[in-house]
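Here's the structure we're looking at; comments come further down.
Just so it is clear, none of the values below were taken in a lab; they were calculated from the coordinates. As the structure is a computational prediction, the values presented were derived from the model and not from experiment. Counting neighbours? That spans all protein chains shown, and the Cβs are built from the backbone with ideal geometry, glycine included.
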Amino acid sequence: MESLTSTEGLVALAAAGVGLLALILAVVLAVKLRRLRAAQRAVLGDGEERDLVQHAERLERGFAELRDWVEDTTAGIDARMTGAEERIAACVTHRSLIRYDAYGEMSGQQSSSVALLDATRSGVVLSSILHRENARVYVKQIVAGESELQLSPEEHQAIETALAGPPGGAA
């Protein structure tokens with residue numbers, strides 16, 4: 001019994017206790033690790049072996065590729081929309097038809113002026129003046145709501161009516 005009370009004996013008992021604690025701790029950690037691996041397999045599936053870090057890296061790469069694709073697609077759509085808006089602005093967006101009796105003959109308002117203008121108030125005014133023996137057609141270019149040629153009162157009225165109405169308004 002003297003060996004248990006000696007310094008060497010006490011050190012041996014302390015070492016055995018520390019070893020036993022280390023063994024118990026190793027067993028507890030091994031069980032926790034096994035549970036963690038089982039949970040990881042539940043998340044990642046059994047078909048392919050990879051760890052959680054590789055899985056996270058793969059997801060991050062996938063999201064980066066998706067973000068790049070979305071940005072490229074958005075840039076392409078923006079470019080197409082800009083082109084479409086430019087083409088739409090050049091389309092006829094304001095129009096009107098004014099009918100009148102050019103010669104005051106009570107002929108049923110057979111003369112007419114048509115204004116066809118785009119979003120920048122540019123386009124043409126077409127006037128058809130009918131008389132019993134003849135018909136005349138006049139075409140005048142309109143740029144920003146103004147014409148280089150003198151406009152008749154009916155042509156002015158056609159332009160004003162076209163611009164006063166909503167875009168694409170009734171003729």
**OP:** Give a residue-ordered list of calculated ³J(HN,Hα) values for the range 150-160 (Karplus: 6.51 cos²θ - 1.76 cosθ + 1.60, θ = phi - 60°; whole Hz; x for Gly, Pro).
**Re:** 5, 9, 6, x, 5, 5, 4, 4, 4, 5, 4
Original post:
Highest mean first, what order results for 9-15, 159-165 on Cβ atoms within 10 Å?
Top reply: 159-165, 9-15
**OP:** About the Cα centre of the chain, how large is the charge dipole given +1 on each Lys and Arg Cβ and -1 on each Asp and Glu Cβ? Please answer in debye to the nearest 20.
**Re:** 520
Original post:
What is the Cα radius of gyration of the range 94-164 over 2.2 N^0.38 Å, N being its residue count?
Top reply: 1.09
Subject >> At R0 = 35 Å, FRET efficiency that the Cβ-Cβ distance of L23 and Q54 yields, to 0.05 >> reply: 0.60
Original post:
With θ set to phi - 60° and the Karplus curve 6.51 cos²θ - 1.76 cosθ + 1.60, what are the ³J(HN,Hα) couplings of the range 117-128 in order, to the nearest whole Hz, using x for Gly and Pro?
Top reply: 10, 9, 5, 8, 6, 10, x, 9, 10, 10, 10, 10
**OP:** Please give, to one decimal in nm, the separation of the simple spin-label points placed at A135 and A12, each 7 Å out from Cα toward the Cβ.
**Re:** 12.9
**OP:** Round to the nearest 10 and give me the degree value, 0 to 90, for the angle of helix 7-44's Cα axis relative to the longest principal axis of the chain.
**Re:** 30
Original post:
Sorted by average packing, counted as other Cβ atoms within 10 angstrom per residue and highest first, what order do 30-40, 123-133 take?
Top reply: 123-133, 30-40
**OP:** Let me know the whole percent of all Cα-Cα pairs from the chain that are separated by more than 19 Å.
**Re:** 76
Original post:
Once phi is turned into ³J(HN,Hα) by the Karplus curve 6.51 cos²θ - 1.76 cosθ + 1.60 with θ = phi - 60°, what whole-Hz value does each residue of the range 139-146 show in order, with x for glycine and proline?
Top reply: 10, 10, 7, 10, 10, 6, x, 10
Original post:
Between I142 and residues 5 or more places away or on another chain, which pairs have amide H atoms under 5 Å apart, with H built 1.01 Å from N, and which residues are they?
Top reply: G123, V124, V125
Original post:
So what is the 222 nm mean residue ellipticity for the chain from helices alone, if each DSSP H run of at least 4 adds -39500 (n - 2.57) and you divide by all residues, rounding to the nearest 500 deg cm²/dmol?
Top reply: -19000 deg cm²/dmol
Original post:
At what distance in nm do the modelled label points of A144 and H156 sit from each other, each positioned 7 Å from its Cα along Cα→Cβ?
Top reply: 2.0
**OP:** With r as the distance between the Cβ atoms of W69 and L36 and R0 = 30 Å, compute the FRET efficiency 1/(1 + (r/R0)^6) and round to 0.05.
**Re:** 0.30
